[in-house]
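Nothing in this text is a laboratory measurement; each read-out follows from the coordinates by a stated rule. Keep in mind that this is a model prediction, so the values were computed, not measured. For neighbour counting, all protein chains shown are included, and Cβ atoms are generated from backbone atoms with ideal geometry for every residue, glycine included.
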Amino acid sequence: MEAFMLSSRQLRRPAGNICRSCSRRLKLRATRSYSSTSTASTSTSQPDIYDVVCVGGGPAGLSLLAALKANPTTAGLRVALVEAQDLRKLRSWQPPPDRFSNRCSSLTPSSAKFLDRIGAWAHVDRARVQPYHEMQVWDGVSDARIEFDWALDQDAGRAPAGRKIAYMIENLNLTAGLLRRIDELGGVTSFEGAKVEDITFGGETDALDLREWPVVQLAGGKQLAARLLVGADGANSPVRTFAGIDSKGWDYERHGVVATLELEGHGWGGGDDSKIAYQRFLPTGPVAMLPMPGNYSTLVWSTTPANAALLKSLPAKDLVALVNAAFRLSPVDLQFMHTMSSGQEDEVSWRLQHTPVSAPQATPQPVIGVQDGTVASFPLKFRHADTYIGERVALVGDAAHTTHPLAGQGLNQGQGDVEALAGTIEYAVAHGQDLGARMSLEPYLARRYAANHVLMGVVDKLHKLYSVESGPLVPLRSLGLSAVNALAPVKGFFMRQAAGSGGKLF
Amino acid sequence: MPPRNGSRSLASSARLLRRPSPAQNTRIAATSLNKSFSTSTTRASPPPTSQPTDAAFTTVSPDEVSHFNALASSWWDPQGPSRILHLMNPLRHDFIRSCRASVLDDPPPPSTGLKYLDVGCGGGIFAESAARLPSTASVTAIDPSPEVLSVAKAHARRDPALAEKLSYANTSIEQLPLPQTPQETFDVVSVFEVIEHVSYPAEFLDRCTPFVKPGGWLVLSTIARTWTSWLTTNIMAEDVLRIVPRGTHDWRKYINEEEMRRHFLQKRTGWAEPRCMGVIYIPGFGWKEVSGSEKFGNYFFAVRRVAES
């Protein structure tokens with residue numbers, strides 16, 4: 001990390017909106033005023049002034065910094081990253097090729113295109129990224145099914161190159177790549193392992209009035225005054241709390257169980273250039289198996305907290321059996337097996353003999369193992385902030401919205417936010433606007449809020465639609481799924497939306 | 001189109017204008033032109049004491065100053081009466097950039113270290129933004145209204161990036177000392193939404209002229225004097241939609257683009273390469289460049305000072 005700090009200092013470009021001599025002068029003046037107005041404890045440190053202070057070094061925050069530094073118009077801005085974790089581990093992230101992290105995301109081609117444009121895609125370990133070309137989605141209650149396959153899309157002229165629906169990528173692979181890109185670009189002052197103690201407003205001197213500027217107070221006394229404070233600090237965003245922006249929503253009473261699975265083979269397509277993603281809607285929530293390179297897959301199983309606790313407690317062989325059952329057995333059989341505290345393996349193999357077999361590629365290849373230490377769970381929530389902007393504040397990613405993982409859109413929404421915010425900042429800089437002023441940030445809000453809202457609404461309604469076990473909704477939703485499945489152009493439309501290559505609807 | 005408070009006489013004359021017959025319209029326009037713009041050059045009826053040497057002469061209208069003084073506090077409120085001015089500001093930079101890029105000088109004019117003089121800067125919307133651009137060396141911004149200027153100065157203190165590049169002066173163009181050397185002239189002299197508020201536009205522009213560097217630009221924006229602009233800027237914007245404070249505009253002071261062109265290219269010398277861009281404000285959407293709209297609404301206009309040979 002020391003080496004990084006040094007190189008970033010060397011590479012820092014001459015200041016953009018704030019020249020160094022002003023910030024030095026400000027310090028002198030600030031010293032005077034602080035000593036007269038505040039207690040001795042704060043008089044020892046004065047805020048450093050930045051154009052953009054980004055709190056949070058996850059995929060959204062790092063993408064924003066890379067996007068700003070990769071663009072000639074915004075490269076001169078003084079920017080700082082504040083991240084609670086020590087990023088040294090991420091910089092040296094190099095796991096063995098047959099081990100995969102359990103936190104993976106589905107990255108749409110449009111997110112990948114954005115990452116490529118900011119120069120980060122080249123820094124991602126591509127051997128650990130798995131594109132998929134087909135999706136199998138079906139209703140666990142009625143078995144109505146929809147197959148998404150680019151080969152079926154008649155409007156092929158608009159399909160993205162390579163006909164990928166999306167890329168499965170470990171979150172760590174993405175953030176490590178972004179960090180490498182940021183280090184390569186230089187010019188980002190990075191505060192790592194830094195705890196945000198408080199966010200306050202600045203003070204006033206004869207020459208300067210920073211009473212509307214957020215000042216991030218770090219443990220140890222460092223203070224960062226921000227022309228624009230970006231909250232990329234996750235669902236419990238301290239920046240959002242500071243800005244007084246409310247976030248509304250509900251908890252799904254569901255947990256997402258994740259694990260890295262080992263399959264019998266390399267997928268039904270026989271190799272890495274023809275992989276299928278599977279998702280089955282069960283009354284307790286959707287279970288998804290998403291392909292990783294080789295014979296690996298990642299599991300995302302949304303289920304009740306009690307079921308999640310059971311899945312986490314089972315020995316590997318019984319968990320494997322339950323996962324296989326989740327894609328094959330009836331919801332009633334599955335429910336029964338969740339009541340067993342052990343012995344699922346024998347129970348599943350007995351019941352599978354009595355379950356009608358569909359075409360082999362209709363269900364994922366059988367799971368044969370789970371990687372040690374990869375079984376984990378997290379509660380699922382729906383949250384949407386009332387707004388993404390305030391005076392000198394912008395929220396991106398999970399700080400702005402948290403959604404159900406069933407459509408795999410969470411990370412892509414964050415990338416969409418970042419692309420829009422970076423574009424808004426670029427326009428402000430090119431036209432001499434104060435990039436932190438709420439008015440300058442309005443285009444960001446306009447571009448993202450409604451789009452996210454629609455997408456999150458659709459995802460939420462899908463979850464609710466498929467949690468119904470019986471009654472008139474079941475045949476209706478099955479009819480809907482089957483009808484869509486029969487209509488190639490409609491499916492093409494959905495696939496382009498999923499791939500982020502469709503019109504600007506979402 | 002910055003806001004102006006209705007003094008009694010202006011408000012009543014504005015009321016007279018509410019339902020003009022076309023004939024009346026033409027007459028009023030002609031009268032106003034005689035008083036202010038065109039005749040100052042023909043000398044048919046020269047405005048009182050128009051000699052540039054007269055220290056007491058001013059193109060500043062006292063009514064206008066008091067109007068803007070009253071609006072000063074809301075100048076920087078993004079939801080306030082000046083919102084559509086804030087929205088227009090980025091287009092000013094686009095226009096200046098396109099003017100500067102449109103000439104094929106050899107060698108090309110420098111693209112950094114530019115000096116701006118912003119005349120009638122108001123709360124400093126344009127002046128601040130010009131000072132933030134990396135290509136700008138300095139911005140001098142002047143306005144005759146003391147209240148407005150103190151708002152501008154107070155607002156500039158909120159941004160540490162401005163201190164070194166932006167300086168304000170509470171003065172009219174007449175009181176501003178003339179440049180003594182070419183180094184004291186400006187690459188861009190901007191007169192945004194001002195000309196429709198001054199008493200003698202031709203004299204006013206003459207006063208601006210010595211500040212323009214040879215090869216530099218005089219850039220202005222205003223509103224064409226047409227039926228459409230009377231309807232949109234006086235009736236719709238001020239009375240119906242209330243997006244501009246009442247009494248801000250006196251339609252009779254509006255100047256058409258071809259009058260502007262004629263003034264610089266035929267009645268004055270030393271100007272060339274006129275540029276124009278018509279813009280339209282669409283509520284809920286913002287400002288949009290619309291080719292040809294300079295004939296009936298808001299427009300930007302620029303002329304280049306001929307380089308001395």
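For the pair A:Ala309/B:Thr181, report the inter-label distance in nm, with labels modelled 7 Å from Cα in the Cβ direction.
8.4 nm
For the ranges A:111-119, B:281-289, what's the packing order if you count other beta-carbon atoms within 10 Å of each residue, average per peptide, and put the highest first?
Working: A:111-119: 20.7, B:281-289: 12.2.
So the peptides A:111-119, B:281-289, ranked by packing, come out A:111-119, B:281-289.
Using only the Cα atoms of segment A:232-305, build the gyration tensor, take square roots of its eigenvalues as a ≥ b ≥ c, and label the shape rounded, prolate or oblate: rounded if a/c is under 1.5, else prolate if a/b is larger than b/c, else oblate.
prolate
By average Cβ neighbour count within 10 Å, what is the ranking of A:225-233, B:157-165 from highest down? Could the numbers behind the result be given before it?
On the way: A:225-233: 28.2, B:157-165: 19.8.
Per-residue mean Cβ counts within 10 Å order the peptides as A:225-233, B:157-165.
Going by how many other Cβ atoms sit within 10 Å of their own, how do A:Leu261, A:Leu218 line up, fewest first?
Starting with the residue having the fewest Cβ neighbours, the order is A:Leu218, A:Leu261.
Using a 10 Å cut-off on Cβ to Cβ distances, tally the other chain neighbours for every residue of B:128-134 and report the average as a whole number.
Taking the mean over all residues of the peptide, I get 5.
From other protein chains only, count the Cβ atoms within 10 Å of every residue's Cβ in A:297-306, then give the mean. Present the calculation step by step, with values, prior to reporting the outcome.
Working: counts 0, 0, 0, 0, 0, 0, 0, 0, 0, 0.
The per-residue average across the peptide is 0.
Quickly rank A:103-109, A:242-248 as a protection proxy: mean count of other C-beta atoms within 10 Å, highest first.
Most protected by this proxy first, the peptides run A:103-109, A:242-248.
Taking the number of other C-beta atoms within 10 Å as the exposure measure, put A:Tyr444, A:Tyr252 in order starting with the fewest.
By the 10 Å Cβ count, ascending, the order reads A:Tyr252, A:Tyr444.
Counting only other chains, what is the mean number of Cβ atoms within 10 angstrom of the Cβ of each residue in peptide B:93-104?
Taking all residues of B:93-104 together, the mean is 1.
Exceeding 22 Å between C-alpha atoms, which entries from my cross-link table qualify? They are A:Lys113/A:Lys195; A:Lys248/A:Lys381; A:Lys195/A:Lys312; A:Lys312/A:Lys381.
Numbers: A:Lys113/A:Lys195 33 Å; A:Lys248/A:Lys381 10 Å; A:Lys195/A:Lys312 31 Å; A:Lys312/A:Lys381 20 Å.
Long pairs (Cα-Cα over 22 Å): A:Lys113/A:Lys195; A:Lys195/A:Lys312.
How far apart, in nm, are the 7 Å Cα→Cβ label points at A:Ala316 and B:Ala307?
Label at A:Ala316, label at B:Ala307, 7.8 nm between them.
What order do you get for A:Lys164, A:Lys222, A:Lys89 when you list them from fewest to most C-beta neighbours inside 10 Å?
Details: A:Lys164 20, A:Lys222 16, A:Lys89 10.
Ranking A:Lys164, A:Lys222, A:Lys89 by Cβ neighbours within 10 Å, fewest first, gives A:Lys89, A:Lys222, A:Lys164.
Counting only pairs 8 or more places apart or on different chains, how many lysine pairs in segment B:72-305 have C-alpha atoms closer than 26 Å?
For segment B:72-305, qualifying lysine pairs total 10.
Taking R0 as 45 Å, what FRET efficiency do you get between B:Ala101 and A:Arg126 from their Cβ-Cβ distance, rounded to the nearest 0.05?
Calculated transfer efficiency: 0.65.
Would you mind working out the magnitude of the charge dipole of segment B:72-305 relative to its Cα centre, with +1 at each Lys and Arg C-beta and -1 at each Asp and Glu C-beta, to the nearest 20 Debye?
160 debye
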